[in-house]
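Some notes on the structure that comes next.
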Amino acid sequence: MMCQVPYENLRPGPAGKYLAVIDYDTSNKVYYWPVDLDHPAILLGSGLDPSESDPQFHQQMVYAIASQTIDRFEQALGRKIRWSFNRWSSRDEADGVLRIYPHAMQEANAYYSRELRALVFGYFPASEMDPGDNLPGQTVFTCLSHDIIAHETTHALVDSQRDFFTEPTSADAPAFHEAFADLVALFQHFSFKEALLEMIKRTGGKIYRSSVEAEAAQSPDGPAISAELTTDNPMVGLAKQFGDAMGMRKALRSALGTPPNSRDLDHVTEPHVRGSILVAAVFDAFFSAYVRRTSDLMRIARSARLALDTADDLHPDLANRLAGIAAATAEHFLNICIRALDYCPPVDILFGDFLRAMITADSDLIPDDEHGYRAALIEAFRRRGIVPEWVTSYSEESLLWNSPEQDGLDSVPLCTGLQFEAFQSGTRKDRREQMQKNAVLLHEFATRHADALRLSSSEKIHARTFHEVHRVGPDGQLTFNVVAEFMQQREIPRFPHLRHGPKFTFRGGTTVILGPDGGLRYAVRKPVAADSESAVKRLARQREYHDYLEANLSFAPYVEDIQTGSQGMNFNMVHRGY
Amino acid sequence: MPIPKKSKELDAKTIRVRMYRIGFGDCFLVSFPLSQSKKGDDTHAHVLIDCGVHPSGRIGTMEAVVDNIAEVTDRKLSIVIASHAHADHISGFDTCAAKFAQFDVGEVWLPWTWNLKDKEAAKLQKKHTALAAALSQHLAAAPTSKAKSAIENLTGNAHAVALLNDGLGMSGKAKYLTAGDDLEKTPIPNLSARILGPPRSVEFLGKMDPPASQHYLRLAEGGVTEPPIQPFQKRWLANREAEEMAAIVLKSEEEKELETTLGSSVEDLAFSLDNAKNNESVVALFAFRGQYLLFPGDAQYGNWTWWLDHESPEEILPRVTFFKVSHHGSVNATPKRVVEGMSAGKFAAMVSTQSSPWSSIPRVPLMEALDEKTKQRIVRSDWLEIDGAPKPSPETAPAKPQKLPKGFQQGRLWFDYLIPC
């Protein structure tokens, strides 16, 4: 499989603008020689050939997949990303890179750590008893799994856009992080042309099936050769080698999850399992859209009496067309997901908020829902009981974030004078100055219109991030918006009846979308004000979730004050649940 | 608080729950009246629930406690329950083995996870034992820490476990219990028991399996530290001094930070294992002449959730008349639902606790909630003053009252709660 990566000048590692691979192994306390991808011998062969026993191939692989994932984000967002730990730093860009340790430790684990500014990947011997497709005891490298690399890189990318999403505000917040990381990894499967085409052929175009028919029809007394075995559909499975090596006999997770029902959401709290409900909702919509978009081709094929049920008979032209549509639809859905991040609240994300963000972001760019993507998303979320708060129905109109008119404002709040040219062409000093000017303007705007933005006038307002967003719609029209995040916080007693007991930081804020004229278009808010109905509800939910976390943390009995509120999520711990 | 000269005598209409001050640990003796006792016969039958102290929470009362048990019961125990394999619940069966050998024991109730004839249980124990050994070895040289104390509690229990599995002497018989067991008949007339934990569900077992890093598993086999796998051939090992490594090699403090952060799993693992052991706890609900006594051992959240979700807590909890507070009053050992589900003022509670080795135990908000819910009918073992034993910390709750609540009385080494029935 070939992997295309945006070109840049690389130092040995590889190390580039965003990433630096450092092959230090803490278990053995050794470094492995770094690969030099700019070395002529390697350049000529388009990189090193796959080899498990060559750490330099691992370095190349982890670098390539991580770069590709970053590139997908930048394309969808229409701007350069900056890692969360580097956002306010005045250091050189070289200091702001995300480090990747491809063989960090001997452990069946991999995670993103903001504190270490790194992605760490472990290696481990496969289960002796039940290694699946691996050899018993064979060394399994997490840094050789496309899915694991894409998943961990996405954690870092989501954190670069919304660093307060790691706050444990409800069961949805950690689950959202996991779900988003899985979505990016899974949608990338559909960009691998050969693999996709192969699966289209083997499933007769039904790529949404969780298992794949055997290549050969089974003998009457059961399968005798491998080709007669049905296998899992790799397009919808995540990290199969890892799952096998752990003795799970299957992929780590699946895009399809359990059949939709509206009850799971009430009691499933483990982040990965809860996240898989969101993943399944998005994939339900994606596959439904794919079926709708290919139904004409299928009808033509049927009328031409092409047998569609046996894999061998799918006409190669038809398979190519289906693969093309599947790849394009996957790309659209991934774009919808990534763009929705700009329309998410700054903190306390709920699954329902993400639905509203997707619907609003997509309808902003593509007013006409020609392929029925938004309708499919709404239906899939509804079937899983994901109910957005403060919304009266599942119609597209009511799911859009409120406009100032809907909020009953007499006039549209305006924020004028923001400048962004320096970010395109200016020097670092220009950028810094422009950034400060913009921050002042935005702060004035937010203070003046605190009521309209549902910001509390008794707490400080921080203008946290802001950027302009250019996007080109399918009809070639350019849209221009400014997205800004405002944050507020209050110190609140952890237990309502203990005024002098432990406290935690209750955060809220508003994401503001401004139009090209500086007029407010949407205010996506999570209020903190004591008199706000929404804040009261949020606070109760947050306390309840802290109770749950305390009850589930094995170290909780032995430590004095478990500051579940102010200390972010630890992906290391979350991932220990695999 | 003066010690009354004479405790109220037991009569045929009274159940007595005796909580010993044993240090950081549990030891409860429950005496049920026998209805048709003739003169000279026993008037009560006895159940001993746990007898152990944490190695870092000893106060030197163990021998005296066991002597008192012998005296009170005339060395006859109808039922012995060992809730789970932590030193603070079973160490006494080992250190006082000679004394216990003289007892006439009926049944020994143990969690199903101890039954080595059970494949699942055997697998679990093998893994837990290996992990505990590895962690203990790893932490041996380390300074005292919260995690180290947790591991101390886990190791050195093999003898006690073997004795208990063997029925604690000639006469006793081990009985392995699983959540859902309904014991209509017990060795004590009129006493029945419902077992609410430990569960046997797949989900529960998943939680019992601490996510061990390969490093510690490897370390565990045979207790010998094996070198880590070397994933690549020697030729790939870089020379740190080489020119092309200059831009790559980390500063030594960065290497150190990385190693500590990635290695923090030792502590996580120690606590996960501790948590898994606590959740093995036998949870027994005794019913006797309309009284309901709930003994949850050290059950933590994972154990409770099973029966709160599968049994009918709305029927069980409001009836409870006596509650032994789980896990010494720690934060996640008594779910909110449980406190809320019991009837205000209808039950009394006892908590065997002390602020050492963990100052976070007992948890103040939980103690306050129970104090309120029981209408101040809650007693802590560390209110008993014993030379050299830690006193309750000043900011803890509930504070020691002037007078013991109604139904309670105090002895040299114990508090009694008397339930008329």
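Read the figures in this text as sums done on the coordinates, not as results from a lab. Just so we're clear, the structure is a prediction, and the values are computed from it rather than from any experiment. Positions of Cβ are backbone-derived with ideal geometry, glycine not excepted, and every protein chain shown enters the neighbour counts.
Couplings 3J(HN,Hα) of region B:294-300, computed from phi: 9, 10, x, x, 10, 3, 10 Hz, in residue order, whole Hz [Karplus 6.51 cos²θ - 1.76 cosθ + 1.60, θ = phi - 60°; x for Gly and Pro]. Annotation: Cα Rg of region A:410-575 relative to the compact-globule expectation 2.2 N^0.38 Å equals 1.29. Each label was represented as a point 7 Å from its Cα along the Cα-to-Cβ direction; for A:Ala328 and A:Asp531 these points are 5.4 nm apart. DSSP beta bridges confined to chain B are antiparallel in about 65 percent of cases. A Förster radius of 51 Å, combined with the Cβ-Cβ distance separating A:Ile225 from B:Glu259, puts the computed FRET efficiency at roughly 0.55. Summing +1 for each Lys or Arg and -1 for each Asp or Glu among the other residues whose beta-carbon sits under 10 angstrom from that of B:Val105 gives +1. If you take all other residues with their beta carbon under 14 Å from the beta carbon of A:Ile277, and give Lys and Arg +1 and Asp and Glu -1, the sum is -1. Normalised by the number of residues in chain A, the average gap of Cα pairs under 8 Å and 6 or more apart makes the relative contact order 12 percent.
Applying the Kirkwood pairwise sum to the alpha-carbon positions of chain A produces a hydrodynamic radius of 25.5 angstrom. Put a plus charge on the Cβ of each Lys and Arg, a minus charge on the Cβ of each Asp and Glu, and nothing anywhere else: the dipole of region A:410-575 about its Cα centre is then about 200 debye.
Partner lysines whose Cα lies under 29 Å from the Cα of A:Lys537, excluding those fewer than 8 positions away in the same chain, are identified as A:Lys460, A:Lys503, A:Lys526, B:Lys336, B:Lys373. Report, for the protein assembly as shown, the % of DSSP beta bridges that are antiparallel, rounded to 5. If we restrict to bridges inside the protein assembly as shown, about 75 percent are antiparallel.
Summing charges over neighbours of A:Ile207, with a neighbour being any other residue whose Cβ is under 11 Å away from its Cβ, gives +3 when K and R count +1 and D and E count -1. In terms of overall dimensions, the protein assembly as shown has a Cα radius of gyration and Dmax of 31.9, 103 angstrom.
Spin-label pair A:Arg382-B:Ala247: with each label point 7 Å from Cα along the Cα-Cβ axis, the two points sit 5.6 nm from one another.
Could you name the aspartates and glutamates whose alpha carbon sits less than 13 Å from that of B:Lys76, not counting residues in the same chain fewer than 8 places away? Qualifying aspartates and glutamates at Cα under 13 Å: B:Asp41, B:Asp42, B:Asp67, B:Asp104, B:Glu107. Loop-located GluC sites (Glu not before Pro) across region B:328-389 with a Cβ neighbour count of 14 or fewer within 10 Å are B:Glu385, with loop assigned by DSSP. For chain B, the normalised intensity computed at q = 0.12 Å⁻¹ comes to -0.95 (log10 of I(q)/I(0), Debye sum over alpha carbons, equal scatterers, no solvent).
Give the shape of region B:291-360 as rounded, prolate or oblate, defined through the alpha-carbon gyration tensor: a ≥ b ≥ c are the square roots of its eigenvalues, a/c under 1.5 means rounded, and otherwise the shape is prolate if a/b is larger than b/c and oblate if not. Judged from the Cα gyration tensor, region B:291-360 comes out oblate (a/c at least 1.5, b/c at or above a/b). Simple spin-label estimate for A:Asp430 and A:Ser303 gives 5.9 nm between the two label positions (7 Å along the Cα-to-Cβ direction from each Cα). Mean sequence separation of contacting Cα pairs (under 8 Å, at least six apart), scaled by the length of chain B, corresponds to a relative contact order of 17 percent. Ordering A:His155, A:Gly519, A:Ala551 by the projection of their Cα atoms onto the charge dipole of chain A, which places +1 on the Cβ of Lys and Arg and -1 on the Cβ of Asp and Glu, puts A:Gly519 at the extreme positive end.
I'd like the FRET efficiency for B:Asp118 and A:Thr392, computed as 1/(1 + (r/R0)^6) with the beta carbon distance as r and R0 of 51 Å, rounded to 0.05. Working from the Cβ atoms, E equals 0.40.
Scaled against the 2.2 N^0.38 Å expected of a compact globular protein of N residues, the Cα radius of gyration of region A:347-472 reads 1.30. Here is what passes the span test in chain B: the DSSP H helices with alpha carbon length of 24 Å or more along the helix axis and a Kyte-Doolittle mean of -0.5 or above are B:119-140. Footprinting exposure proxy ranking of A:Leu48, B:Leu294, A:Leu157, fewest other C-beta atoms within 10 angstrom first, gives A:Leu48, B:Leu294, A:Leu157.
Helix A:271-303 axis versus longest C-alpha principal axis of chain A: approximately 60°, rounded to the nearest ten.
Principal axis analysis of the Cα atoms in region A:338-387 yields extents of 32, 25, 13 Å, listed in decreasing size. Here's the list of lysines a cross-link from B:Lys234 could span, going by alpha-carbon distance under 16 Å and ignoring same-chain residues fewer than 8 apart: A:Lys29.
When A:His500, B:His159, B:His84, A:His449 are sorted by how many other C-beta atoms sit within 10 angstrom of their C-beta, beginning with the fewest, the order is A:His500, B:His159, A:His449, B:His84. Comparing A:Leu498, A:Ser532, A:Phe466 along the charge dipole axis of region A:410-575, the residue lying farthest to the positive side is A:Leu498, per the Cβ-charge model. Shown here: region A:324-407, whose C-alpha atoms stretch 42, 26, 25 Å along the first, second and third principal axes, sorted largest to smallest.
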